[in-house]
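K.L.:
A single structure is presented below for examination.
The values are calculated or read from the model by the stated rules, or taken from the named source; none is laboratory data. Worth saying up front: this structure is predicted, and the values here are computed from it rather than measured. Note that each Cβ is placed from the backbone with ideal geometry, even for glycine, and that neighbours are counted across all protein chains shown. Note: accessible area is taken over every heavy atom of the protein model, side chains too, but ligands, DNA and RNA are not part of it. Shrake-Rupley method; radii C 1.70, N 1.55, O 1.52, S 1.80 Å.
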Amino acid sequence: MAKSVLVIGGGPAGLAAARALGKLGVSTILVEKDGQLGGNPIKNHYHTLIPRKLKPSQVIGPYIKEVEQNPNVKVLLNTEITACEGEPGEYRVTLSNGEKHEVGAIVVATGFEHFDPRRKGELGYGLYPDVITNLELERMFSQEGKLYRPSNGQLPKRVAFVFCVGSRDRQLGVTNVHCCRYGCALSGLQASEIREHYPDVDVFCYYMDVRTYGTWEYPFYWAPQEQYGVRYVRGRIAEITYSPADGRLRVKHEDTIVQRPSEVPMDLVVLVLGMEPSPGTKKVAKILGLAQDPDSQFLIPSEESGSNIISNKPGIFIAGACKGPIDIESSLSEGEAAAAEAAAFLGAKVAV
C-alpha cells in the first residue's frame, strides 16, 4: 500500500486535512486549482468570518503557514487532478501539470461556488450598479474600508439585504432548494457593522424566515435588531427596479406578515447568495466515481458508514463544502477528521 495522501482543494477543509496529515508525518500532496491557498475566504476577500468575528488572516492564515512550511506536505498550485486509476490503497493519479503519483488515500475538499445572481434577472443584478452581492460588500469593507453606492460613490441612506438569493428557491428547480446556512447570520453581522459605523444609515433585512441556528441566534439575529436597530421585514421580493426620477432603487415585495404588496425606495441592495457545488467538485466526482446527491449535486457519504467523511469509494474521504453548505469552522473540523480517517486507512504509524 502506498503511504502518501492526495488532498484535492486548498480551501479551509483541504488546508486542515493537509496540516493534520503533515503533523502526523504522513507524506501529503496538496493540489489547488487556483494560484493561492485559502479558498473562497481568501480569493473573495471576506472581511469578517462568522461566528467569532475574526479576519480570514486570523483563522486561515495559520493553516496556510503551517502547510507551506511542513516538509511532509508538497503544495501544487494551479493544478488539478485529471485522471485516477488503480485500487484503494494504490491509486494512480495524473495531475494537470503532467505529474503522476501513487497514493494510498485521497481527501476531496473541492468546496463550493456562490450562486450567480444574474440567473434571477428580476433582482436587477448586472443591470443596476447599486444592486450588489454580499461578496462585493465584503470587498468594500475589507479592501476599501468604506460603504458607498457604486453608481455615484456616495454613502447610501437606505440599505436592503435580500436573503436566500439562489437558495430555497423552487423556481430554480430542485438543484437550489437547500438552505445556504450562512446567509442569515452573515447578513446580521454585515447589517450590524453598517449601523455601527454609519448610524444614520437605515438597514433592512428581507427574509422568508431566519435560520440562525445554535449559538448564532442572539449575536446574528436579536443583537442586530436590539443593539443596532436593523429592521427585519418578512417578505418575498417580486422585483427590483430603478427610478430615474430620484435615482433610487425600488424594492417591490409582498409583506407576508401584514399580507399586502409594498414598494420601498432603497439606495443600495445587497443580494445574499446561496451555495452550489463548485465545478471542481462535479469534475472530481466523475474522475473518482463519487456519489452525488441527485438534486443538489453535492457529494454524499457512503450509505454503509455512519460517518459523513467516508465516501462510497474505499480510501477516498470527503470534507467541507463539497458535501453541502457548511460554515468555515466546521469545514476545518471536517478536514481534520478526514485526515485522521486517511491516516488510519493507510495504517500510518504516528510518532508521539
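K.L.:
Among the residues of the range 267-281, count how many are open to solvent by 20 Å² or more (accessible area, probe 1.4 Å) and closer than 21 Å to CYS184 by Cα.
P.N.:
1
K.L.:
While we're here: Can you go through ARG231, ARG236, ARG158, ARG181 and tell me which one is touching a helix residue (DSSP H, G or I) at 6+ places or on another chain (Cβ under 9 Å) and charged (D, E, K, R)?
P.N.:
That would be ARG231, the only listed residue that is touching a helix residue (DSSP H, G or I) at 6+ places or on another chain (Cβ under 9 Å) and charged (D, E, K, R).
So that you can scan it fast, the table gives a plain yes or no per residue for (1) within 26 Å of LEU299 (Cα to Cα); (2) not β-branched (Val, Ile, Thr):
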{"site": "PHE161", "(1), (2)": "no, yes"}
{"site": "SER167", "(1), (2)": "yes, yes"}
{"site": "THR175", "(1), (2)": "yes, no"}
{"site": "GLY188", "(1), (2)": "no, yes"}
{"site": "GLU196", "(1), (2)": "no, yes"}
{"site": "VAL201", "(1), (2)": "no, no"}
{"site": "GLN225", "(1), (2)": "no, yes"}
{"site": "VAL230", "(1), (2)": "no, no"}
{"site": "ARG236", "(1), (2)": "no, yes"}
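K.L.:
Would you mind finding the one in PHE115, PHE163 that is under 22 Å from the mean Cα position of the chain (by Cα), closer than 30 Å to TYR206 by Cα and open to solvent by 10 Å² or more (accessible area, probe 1.4 Å)?
P.N.:
Just one listed residue meets the conditions, PHE163.
K.L.:
If you check ARG139 against the conditions, is it open to solvent by 30 Å² or more (accessible area, probe 1.4 Å) and either in contact with a helix residue (DSSP H, G or I) (Cβ under 7 Å, 6 or more places away or on another chain) or basic (Lys, Arg) (or both)?
P.N.:
yes
K.L.:
If you don't mind, there's one more thing I want to ask. Test GLY35 against the stated conditions and say whether it is touching a residue at least 12 places away in the same chain (Cβ under 8 Å), closer than 26 Å to ILE316 by Cα, open to solvent by less than 30 Å² (accessible area, probe 1.4 Å) and outside any strand (DSSP E or B).
P.N.:
no
K.L.:
For the list (1) part of a strand (DSSP E or B); (2) in contact with a helix residue (DSSP H, G or I) (Cβ under 9 Å, 6 or more places away or on another chain); (3) among the hydrophobic types (A, V, I, L, M, F, W, C), I need the number of the one condition that LEU21 fails.
P.N.:
(1)
K.L.:
Regarding the range 216-224, can at least one residue be identified that is in contact with a strand residue (DSSP E or B) (Cβ under 8 Å, 6 or more places away or on another chain) and either among the polar types (S, T, N, Q) or free of Cβ contacts under 8 Å to residues at least 24 places away in the same chain (or both)?
P.N.:
There is no residue in the range 216-224 that is in contact with a strand residue (DSSP E or B) (Cβ under 8 Å, 6 or more places away or on another chain) and either among the polar types (S, T, N, Q) or free of Cβ contacts under 8 Å to residues at least 24 places away in the same chain (or both).
K.L.:
Next question. Considering each of ARG158, ARG92 in turn, give the residue that is among the basic types (Lys, Arg) and under 30 Å from SER311 (Cα atoms).
P.N.:
Exactly one residue qualifies, and that residue is ARG92.
K.L.:
Now a separate question. Of everything in the range 91-112 that's under 18 Å from the mean Cα position of the chain (by Cα) and among the small types (Gly, Ala, Ser), which residue is nearest to GLY347 (Cα to Cα)?
P.N.:
ALA109
One line per residue, one yes/no per condition, for (1) in a loop (DSSP other than H, G, I, E, B); (2) farther than 21 Å from LEU346 by Cβ; (3) open to solvent by less than 10 Å² (accessible area, probe 1.4 Å); (4) modelled with pLDDT of 95 or more:
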| site | (1), (2), (3), (4) |
| --- | --- |
| LYS283 | no, yes, no, yes |
| LYS286 | no, yes, no, yes |
| LEU290 | yes, no, no, yes |
| SER296 | yes, yes, no, no |
| PRO301 | yes, no, no, yes |
| GLU304 | yes, no, no, no |
| SER307 | yes, no, no, no |
| ASN312 | yes, no, no, yes |
| CYS322 | no, yes, yes, yes |
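K.L.:
Quickly run through the range 94-136 and pick out the residues that are among the β-branched types (Val, Ile, Thr) and within 30 Å of SER243 (Cβ to Cβ).
P.N.:
Selection gives VAL131, ILE132, THR133.
K.L.:
Pull up the range 324-339, narrow it to residues that are among the small types (Gly, Ala, Ser) and in a helix (DSSP H, G or I), then point me to the one that is surrounded by the most Cβ atoms within 10 Å (Cβ to Cβ).
P.N.:
Among them, the one singled out is ALA338.
K.L.:
Could you list all residues from the range 76-105 that are open to solvent by less than 20 Å² (accessible area, probe 1.4 Å) and at pLDDT below 95?
P.N.:
Across the range 76-105, the qualifying residue is only GLY89.
K.L.:
Could you please let me know if GLU263 is open to solvent by 20 Å² or more (accessible area, probe 1.4 Å), at pLDDT below 95 and acidic (Asp, Glu)?
P.N.:
In short, yes.
K.L.:
Which residues, taken from the range 194-224, are touching a Lys or Arg at 6+ places or on another chain (Cβ under 8 Å), among the aliphatic types (A, V, I, L, M) and open to solvent by less than 40 Å² (accessible area, probe 1.4 Å)?
P.N.:
Listed by number, the residues that qualify are VAL201, VAL203.
K.L.:
Just checking, does the range 51-59 include any residue being in contact (Cβ under 8 Å) with a residue 40 or more places away in the chain, of a type outside the set (Phe, Trp, Tyr), under 27 Å from VAL272 (Cα atoms) and open to solvent by less than 50 Å² (accessible area, probe 1.4 Å)?
P.N.:
Looking for residues that are in contact (Cβ under 8 Å) with a residue 40 or more places away in the chain, of a type outside the set (Phe, Trp, Tyr), under 27 Å from VAL272 (Cα atoms) and open to solvent by less than 50 Å² (accessible area, probe 1.4 Å), one finds at least one in the range 51-59, hence yes.
K.L.:
Check ASP327, ASP267, ASP255 and return the single one that is free of Cβ contacts under 8 Å to residues at least 24 places away in the same chain, charged (D, E, K, R) and within 30 Å of LEU147 (Cα to Cα).
P.N.:
Step by step, each of ASP327, ASP267, ASP255 is checked, and only ASP255 is free of Cβ contacts under 8 Å to residues at least 24 places away in the same chain, charged (D, E, K, R) and within 30 Å of LEU147 (Cα to Cα).
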